[in-house]
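Only one structure is covered here, and it is reproduced in the block below.
The values are calculated or read from the model by the stated rules, or taken from the named source; none is laboratory data. Fair warning: this is a prediction, and the values are worked out from it, not measured in the lab. Because the Cβ atoms are built from the backbone with ideal geometry, glycine has one as well, and the counts that use them run over all protein chains shown.
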Amino acid sequence: MLSVDDLDTPAILIDVDRAEANIARAQAHADRHGLKLRPHIKTHKLPYWAKKQIAAGAVGITCQKIGEAEVMADAGLTDIFLPYNIVGRAKLERLKALHGRVTLSVTADSMETFNGLAATFNDPGQPLQVLVECDTGMGRCGVQSASEAVALARRIDKAKGLAFGGLMTYPAAGRAAEAETWLADARNALAASGLACRRISSGGTPDMWRSSEASVVTEYRPGTYIYLDRYQVAKGVGSLDDCALTVLSTVVSHPTPTRAILDAGSKALSSDTLGLPDFGELLGIAGATVTSLSEEHGNVTLSGDARLHIGERVRIVPDHCCVVTNLFDEVHLITGERVLETLPVAARGRMG
(Lines give C-alpha, C1' and ligand atoms only; values in the text may rest on other atoms or scores of the structure.)
Protein backbone atom coordinates (compact mmCIF):
# COMPACT_ATOMS: atom_id res chain seq x y z
CA MET A 1 0.00 0.00 0.00
CA LEU A 2 1.35 3.41 -0.97
CA SER A 3 1.85 6.14 1.57
CA VAL A 4 1.89 9.89 1.03
CA ASP A 5 5.69 9.73 1.31
CA ASP A 6 5.77 7.64 -1.88
CA LEU A 7 4.12 10.33 -4.02
CA ASP A 8 6.00 12.74 -6.25
CA THR A 9 5.28 16.45 -5.95
CA PRO A 10 3.39 18.59 -6.60
CA ALA A 11 0.29 16.44 -6.14
CA ILE A 12 -3.29 16.80 -4.95
CA LEU A 13 -4.27 14.92 -1.81
CA ILE A 14 -7.93 14.38 -0.96
CA ASP A 15 -8.64 13.33 2.62
CA VAL A 16 -11.63 11.01 2.15
CA ASP A 17 -12.65 11.13 5.81
CA ARG A 18 -12.94 14.91 5.71
CA ALA A 19 -14.70 14.95 2.32
CA GLU A 20 -17.25 12.35 3.41
CA ALA A 21 -17.88 14.25 6.65
CA ASN A 22 -18.45 17.45 4.64
CA ILE A 23 -20.91 15.64 2.35
CA ALA A 24 -22.85 14.24 5.33
CA ARG A 25 -22.94 17.59 7.13
CA ALA A 26 -24.33 19.48 4.13
CA GLN A 27 -26.90 16.81 3.35
CA ALA A 28 -28.09 16.82 6.96
CA HIS A 29 -28.46 20.60 6.81
CA ALA A 30 -30.45 20.41 3.58
CA ASP A 31 -32.71 17.67 4.95
CA ARG A 32 -33.26 19.61 8.17
CA HIS A 33 -34.40 22.69 6.24
CA GLY A 34 -36.46 20.91 3.59
CA LEU A 35 -34.02 21.72 0.77
CA LYS A 36 -33.04 19.55 -2.16
CA LEU A 37 -29.32 19.32 -2.67
CA ARG A 38 -27.90 19.26 -6.20
CA PRO A 39 -24.12 19.49 -5.77
CA HIS A 40 -21.96 21.22 -8.35
CA ILE A 41 -19.26 18.86 -9.65
CA LYS A 42 -16.99 21.78 -10.69
CA THR A 43 -15.09 21.36 -7.41
CA HIS A 44 -14.11 17.70 -7.72
CA LYS A 45 -14.87 16.81 -11.40
CA LEU A 46 -15.00 13.15 -10.36
CA PRO A 47 -17.80 10.60 -10.88
CA TYR A 48 -16.45 8.96 -7.70
CA TRP A 49 -17.57 11.88 -5.56
CA ALA A 50 -20.72 12.63 -7.57
CA LYS A 51 -21.95 9.11 -6.82
CA LYS A 52 -21.09 9.53 -3.14
CA GLN A 53 -23.14 12.75 -3.08
CA ILE A 54 -26.14 11.03 -4.67
CA ALA A 55 -25.83 8.10 -2.26
CA ALA A 56 -25.93 10.58 0.63
CA GLY A 57 -29.27 11.99 -0.58
CA ALA A 58 -28.63 14.55 -3.33
CA VAL A 59 -31.40 14.68 -5.97
CA GLY A 60 -28.92 15.04 -8.83
CA ILE A 61 -25.81 16.96 -9.83
CA THR A 62 -24.94 20.28 -11.41
CA CYS A 63 -22.44 20.66 -14.25
CA GLN A 64 -21.39 23.98 -15.71
CA LYS A 65 -20.49 22.73 -19.18
CA ILE A 66 -21.82 20.08 -21.56
CA GLY A 67 -18.45 18.34 -21.59
CA GLU A 68 -18.62 17.86 -17.83
CA ALA A 69 -22.18 16.56 -18.12
CA GLU A 70 -21.16 14.10 -20.83
CA VAL A 71 -18.43 12.69 -18.58
CA MET A 72 -20.88 12.29 -15.71
CA ALA A 73 -23.53 10.69 -17.94
CA ASP A 74 -20.93 8.24 -19.26
CA ALA A 75 -20.21 7.30 -15.65
CA GLY A 76 -23.87 6.57 -14.91
CA LEU A 77 -25.13 9.82 -13.35
CA THR A 78 -28.73 10.25 -14.49
CA ASP A 79 -30.09 13.63 -13.29
CA ILE A 80 -28.05 16.61 -14.45
CA PHE A 81 -28.64 20.38 -14.33
CA LEU A 82 -26.71 22.71 -16.64
CA PRO A 83 -27.20 26.27 -15.30
CA TYR A 84 -25.51 27.85 -18.29
CA ASN A 85 -26.67 29.52 -21.50
CA ILE A 86 -26.17 26.96 -24.29
CA VAL A 87 -25.49 28.85 -27.52
CA GLY A 88 -24.48 27.59 -30.98
CA ARG A 89 -25.52 24.72 -33.22
CA ALA A 90 -22.73 22.33 -32.22
CA LYS A 91 -23.47 22.66 -28.50
CA LEU A 92 -27.22 22.41 -29.03
CA GLU A 93 -26.81 19.14 -30.93
CA ARG A 94 -24.69 17.74 -28.11
CA LEU A 95 -27.29 18.93 -25.62
CA LYS A 96 -30.03 17.14 -27.56
CA ALA A 97 -28.04 13.91 -27.55
CA LEU A 98 -27.48 14.24 -23.81
CA HIS A 99 -31.20 14.86 -23.27
CA GLY A 100 -31.85 11.47 -24.81
CA ARG A 101 -29.68 9.78 -22.19
CA VAL A 102 -30.41 11.47 -18.84
CA THR A 103 -32.92 13.62 -17.01
CA LEU A 104 -31.69 17.03 -18.04
CA SER A 105 -32.51 20.64 -17.21
CA VAL A 106 -30.91 23.88 -18.39
CA THR A 107 -31.28 27.65 -18.08
CA ALA A 108 -31.87 30.62 -20.34
CA ASP A 109 -31.82 34.37 -19.76
CA SER A 110 -32.49 35.74 -23.25
CA MET A 111 -34.64 35.30 -26.32
CA GLU A 112 -31.55 34.32 -28.30
CA THR A 113 -30.83 31.39 -25.98
CA PHE A 114 -34.51 30.47 -25.90
CA ASN A 115 -34.77 30.51 -29.69
CA GLY A 116 -31.86 28.09 -30.02
CA LEU A 117 -33.42 25.71 -27.51
CA ALA A 118 -36.89 25.97 -29.05
CA ALA A 119 -35.53 25.23 -32.52
CA THR A 120 -33.61 22.18 -31.31
CA PHE A 121 -36.12 20.57 -28.96
CA ASN A 122 -39.54 19.93 -30.48
CA ASP A 123 -40.81 16.69 -28.91
CA PRO A 124 -43.76 17.45 -26.62
CA GLY A 125 -43.52 13.91 -25.28
CA GLN A 126 -40.06 14.56 -23.86
CA PRO A 127 -39.76 18.31 -23.24
CA LEU A 128 -36.53 19.85 -22.05
CA GLN A 129 -36.86 21.54 -18.65
CA VAL A 130 -35.70 25.16 -18.89
CA LEU A 131 -35.29 27.43 -15.87
CA VAL A 132 -35.05 31.19 -16.17
CA GLU A 133 -31.74 32.51 -14.86
CA CYS A 134 -32.14 35.59 -12.67
CA ASP A 135 -29.54 38.20 -11.77
CA THR A 136 -30.30 38.73 -8.09
CA GLY A 137 -27.24 40.91 -7.46
CA MET A 138 -24.24 38.99 -8.77
CA GLY A 139 -23.98 41.08 -11.92
CA ARG A 140 -23.26 38.14 -14.18
CA CYS A 141 -25.88 36.36 -16.31
CA GLY A 142 -29.62 36.56 -15.72
CA VAL A 143 -32.76 38.54 -16.46
CA GLN A 144 -32.84 41.87 -14.69
CA SER A 145 -36.40 42.00 -13.37
CA ALA A 146 -39.38 39.91 -12.35
CA SER A 147 -41.28 41.11 -15.40
CA GLU A 148 -38.48 39.88 -17.69
CA ALA A 149 -38.55 36.53 -15.89
CA VAL A 150 -42.29 36.22 -16.49
CA ALA A 151 -42.00 37.15 -20.17
CA LEU A 152 -39.31 34.55 -20.80
CA ALA A 153 -41.10 31.91 -18.72
CA ARG A 154 -44.22 32.39 -20.85
CA ARG A 155 -42.27 31.81 -24.04
CA ILE A 156 -40.71 28.66 -22.58
CA ASP A 157 -44.08 27.40 -21.40
CA LYS A 158 -45.61 27.79 -24.87
CA ALA A 159 -42.74 26.14 -26.77
CA LYS A 160 -43.63 22.66 -28.04
CA GLY A 161 -40.47 20.88 -26.93
CA LEU A 162 -39.70 22.88 -23.81
CA ALA A 163 -41.18 23.05 -20.32
CA PHE A 164 -40.84 25.89 -17.83
CA GLY A 165 -38.83 24.45 -14.96
CA GLY A 166 -38.61 27.35 -12.50
CA LEU A 167 -36.07 30.00 -11.52
CA MET A 168 -32.32 29.79 -11.02
CA THR A 169 -29.79 32.20 -9.57
CA TYR A 170 -26.24 32.44 -8.34
CA PRO A 171 -26.48 35.14 -5.69
CA ALA A 172 -23.73 37.55 -4.75
CA ALA A 173 -21.82 36.32 -1.70
CA GLY A 174 -23.31 37.58 1.53
CA ARG A 175 -26.43 38.97 -0.18
CA ALA A 176 -28.77 36.02 0.25
CA ALA A 177 -31.51 38.21 1.73
CA GLU A 178 -31.48 40.42 -1.38
CA ALA A 179 -31.75 37.33 -3.56
CA GLU A 180 -34.66 36.02 -1.46
CA THR A 181 -36.63 39.22 -2.02
CA TRP A 182 -35.90 39.20 -5.77
CA LEU A 183 -36.93 35.56 -6.17
CA ALA A 184 -40.06 35.94 -4.04
CA ASP A 185 -41.19 38.85 -6.21
CA ALA A 186 -40.56 36.83 -9.36
CA ARG A 187 -42.38 33.78 -7.99
CA ASN A 188 -45.37 35.94 -7.10
CA ALA A 189 -45.36 37.58 -10.53
CA LEU A 190 -45.30 34.15 -12.16
CA ALA A 191 -48.23 32.99 -10.01
CA ALA A 192 -50.18 36.10 -10.97
CA SER A 193 -49.64 35.22 -14.64
CA GLY A 194 -50.81 31.64 -14.10
CA LEU A 195 -47.40 29.95 -14.09
CA ALA A 196 -46.44 27.65 -11.24
CA CYS A 197 -42.84 27.86 -10.04
CA ARG A 198 -42.09 24.64 -8.21
CA ARG A 199 -38.31 24.83 -8.41
CA ILE A 200 -36.14 27.74 -7.32
CA SER A 201 -32.46 26.86 -7.49
CA SER A 202 -29.68 28.81 -5.80
CA GLY A 203 -25.95 28.31 -5.31
CA GLY A 204 -22.96 29.31 -3.24
CA THR A 205 -21.56 27.25 -0.38
CA PRO A 206 -21.33 29.98 2.32
CA ASP A 207 -24.92 31.21 1.97
CA MET A 208 -26.37 27.71 1.99
CA TRP A 209 -25.67 27.54 5.71
CA ARG A 210 -27.79 30.65 6.26
CA SER A 211 -30.86 29.08 4.61
CA SER A 212 -34.00 28.41 6.63
CA GLU A 213 -37.39 26.77 6.30
CA ALA A 214 -38.85 30.16 5.33
CA SER A 215 -36.69 30.46 2.23
CA VAL A 216 -38.29 30.56 -1.21
CA VAL A 217 -35.33 28.51 -2.46
CA THR A 218 -36.17 24.84 -2.97
CA GLU A 219 -32.78 23.60 -4.17
CA TYR A 220 -29.13 24.41 -3.47
CA ARG A 221 -26.15 23.79 -5.74
CA PRO A 222 -23.09 23.97 -3.45
CA GLY A 223 -19.77 22.97 -4.93
CA THR A 224 -16.86 23.81 -2.65
CA TYR A 225 -18.52 22.34 0.45
CA ILE A 226 -17.10 18.87 -0.30
CA TYR A 227 -13.44 19.97 -0.01
CA LEU A 228 -13.53 23.49 1.48
CA ASP A 229 -10.58 25.87 1.15
CA ARG A 230 -9.13 29.00 2.72
CA TYR A 231 -11.87 31.21 1.27
CA GLN A 232 -14.58 29.04 2.82
CA VAL A 233 -12.71 29.06 6.13
CA ALA A 234 -12.55 32.87 5.96
CA LYS A 235 -16.34 32.88 5.43
CA GLY A 236 -16.88 30.74 8.53
CA VAL A 237 -18.03 27.58 6.74
CA GLY A 238 -15.45 25.41 8.48
CA SER A 239 -11.92 25.27 9.81
CA LEU A 240 -8.62 24.21 8.29
CA ASP A 241 -9.24 20.83 9.93
CA ASP A 242 -12.29 20.43 7.65
CA CYS A 243 -10.37 21.12 4.42
CA ALA A 244 -10.12 17.88 2.46
CA LEU A 245 -7.96 19.08 -0.45
CA THR A 246 -4.31 19.98 -0.02
CA VAL A 247 -1.46 20.29 -2.48
CA LEU A 248 1.58 18.23 -1.53
CA SER A 249 4.75 20.17 -2.35
CA THR A 250 8.50 20.08 -1.76
CA VAL A 251 10.75 22.87 -0.50
CA VAL A 252 13.32 23.31 -3.29
CA SER A 253 15.15 26.43 -2.08
CA HIS A 254 15.58 28.50 1.09
CA PRO A 255 17.31 31.73 0.02
CA THR A 256 16.80 33.62 3.31
CA PRO A 257 15.71 32.70 6.85
CA THR A 258 12.25 34.16 6.18
CA ARG A 259 11.73 32.96 2.60
CA ALA A 260 11.43 29.48 1.13
CA ILE A 261 10.52 28.27 -2.36
CA LEU A 262 8.16 25.40 -3.19
CA ASP A 263 7.81 23.35 -6.38
CA ALA A 264 4.15 24.43 -6.61
CA GLY A 265 3.58 27.68 -8.49
CA SER A 266 0.65 29.15 -10.39
CA LYS A 267 0.35 25.96 -12.47
CA ALA A 268 -0.39 24.02 -9.29
CA LEU A 269 -2.03 26.52 -6.92
CA SER A 270 -3.71 29.01 -9.29
CA SER A 271 -3.52 32.77 -8.94
CA ASP A 272 -7.24 32.95 -8.11
CA THR A 273 -7.32 34.16 -4.49
CA LEU A 274 -11.01 35.17 -4.30
CA GLY A 275 -9.83 38.40 -2.71
CA LEU A 276 -7.55 36.88 -0.06
CA PRO A 277 -4.17 38.60 0.35
CA ASP A 278 -2.03 35.54 -0.42
CA PHE A 279 -2.22 32.19 -2.22
CA GLY A 280 -2.35 29.51 0.45
CA GLU A 281 -0.98 28.43 3.77
CA LEU A 282 1.07 25.47 4.91
CA LEU A 283 -0.98 23.05 6.94
CA GLY A 284 0.33 22.55 10.45
CA ILE A 285 3.05 25.19 10.14
CA ALA A 286 1.87 28.41 11.78
CA GLY A 287 3.29 31.53 10.20
CA ALA A 288 4.04 29.96 6.79
CA THR A 289 2.02 31.42 3.92
CA VAL A 290 2.42 31.37 0.15
CA THR A 291 2.76 35.06 -0.63
CA SER A 292 3.62 35.06 -4.33
CA LEU A 293 3.63 32.71 -7.32
CA SER A 294 5.46 32.34 -10.58
CA GLU A 295 4.67 29.51 -12.95
CA GLU A 296 6.67 26.78 -11.20
CA HIS A 297 7.68 28.44 -7.94
CA GLY A 298 5.70 29.19 -4.79
CA ASN A 299 7.24 31.85 -2.57
CA VAL A 300 6.65 31.13 1.13
CA THR A 301 7.05 33.87 3.71
CA LEU A 302 7.96 32.62 7.20
CA SER A 303 7.14 34.53 10.35
CA GLY A 304 7.40 33.86 14.06
CA ASP A 305 8.82 30.41 14.81
CA ALA A 306 8.02 28.98 11.36
CA ARG A 307 10.93 27.01 9.95
CA LEU A 308 11.44 24.89 6.82
CA HIS A 309 14.34 23.02 5.24
CA ILE A 310 15.24 22.09 1.68
CA GLY A 311 13.71 18.74 0.75
CA GLU A 312 10.91 19.03 3.31
CA ARG A 313 7.45 18.09 2.02
CA VAL A 314 4.53 20.27 3.01
CA ARG A 315 0.79 20.39 2.43
CA ILE A 316 -0.75 23.61 1.15
CA VAL A 317 -4.36 24.61 1.70
CA PRO A 318 -5.21 26.69 -1.40
CA ASP A 319 -7.47 29.73 -1.46
CA HIS A 320 -9.82 28.28 -4.11
CA CYS A 321 -9.84 24.52 -4.43
CA CYS A 322 -12.13 24.34 -7.50
CA VAL A 323 -9.59 25.86 -9.89
CA VAL A 324 -6.76 23.85 -8.37
CA THR A 325 -8.61 20.62 -9.23
CA ASN A 326 -8.63 21.64 -12.89
CA LEU A 327 -4.83 22.02 -12.92
CA PHE A 328 -4.03 18.35 -12.21
CA ASP A 329 -4.53 15.17 -14.22
CA GLU A 330 -5.12 13.04 -11.13
CA VAL A 331 -5.85 13.17 -7.42
CA HIS A 332 -4.76 10.87 -4.63
CA LEU A 333 -7.41 9.76 -2.14
CA ILE A 334 -5.89 9.37 1.32
CA THR A 335 -6.81 8.42 4.85
CA GLY A 336 -4.20 9.51 7.34
CA GLU A 337 -0.87 8.89 5.58
CA ARG A 338 -2.17 6.00 3.48
CA VAL A 339 -2.99 6.39 -0.23
CA LEU A 340 -6.25 4.54 -0.94
CA GLU A 341 -6.57 5.21 -4.65
CA THR A 342 -5.36 7.48 -7.43
CA LEU A 343 -8.10 8.76 -9.74
CA PRO A 344 -7.96 10.65 -13.03
CA VAL A 345 -9.77 14.00 -12.88
CA ALA A 346 -12.33 12.80 -15.40
CA ALA A 347 -14.00 16.12 -16.24
CA ARG A 348 -10.81 18.18 -16.17
CA GLY A 349 -10.58 20.69 -19.01
CA ARG A 350 -14.10 19.98 -20.31
CA MET A 351 -14.81 23.66 -20.95
CA GLY A 352 -17.09 23.27 -23.95
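When we screen 70, 112, 93 for residues that are of a type in the set (Asp, Glu) and buried (at least 16 other Cβ atoms within 10 Å of the Cβ), the only hit is 70.
Against the test of being within 23 Å of residue 173 (Cα to Cα) and surrounded by fewer than 22 Cβ atoms within 10 Å (Cβ to Cβ), the options 233, 324, 339 yield a single qualifying residue, 233. Looking at residue 196, is it over 27 Å from residue 82 (Cβ atoms), in a loop (DSSP other than H, G, I, E, B) and not assigned by TED's automatic domain parsing to the domain that holds residue 328? Answer is no for this residue. Scanning the range 241-272 for residues that are surrounded by fewer than 18 Cβ atoms within 10 Å (Cβ to Cβ) and among the small types (Gly, Ala, Ser) gives 253, 266, 271.
For beta carbons closer than 7 Å, sequence separation of 6+ or different chains, a first residue in the range 126-154 that is polar (S, T, N, Q) and a second that is surrounded by fewer than 21 Cβ atoms within 10 Å (Cβ to Cβ) and at pLDDT below 95, the qualifying pairs are 136/178.
Of the strands (runs of 3 or more DSSP E) contained entirely in the range 259-328, those carrying at least 2 residues that are in contact (Cβ under 8 Å) with a residue 12 or more places away in the chain and among the hydroxyl-bearing types (Ser, Thr, Tyr) fall at 288-293. Taking the criterion of being hydroxyl-bearing (Ser, Thr, Tyr) and within 21 Å of residue 303 (Cβ to Cβ), the residues of the range 230-249 that qualify are 239, 246, 249.
If the condition is being crowded, with 24+ Cβ neighbours inside 10 Å and more than 24 Å from residue 332 (Cα to Cα), then the range 14-37 contributes only 37. Is it the case that some residue within the range 208-217 is assigned to a helix (DSSP H, G or I) and within 30 Å of residue 16 (Cβ to Cβ)? The answer is yes; a qualifying residue exists.
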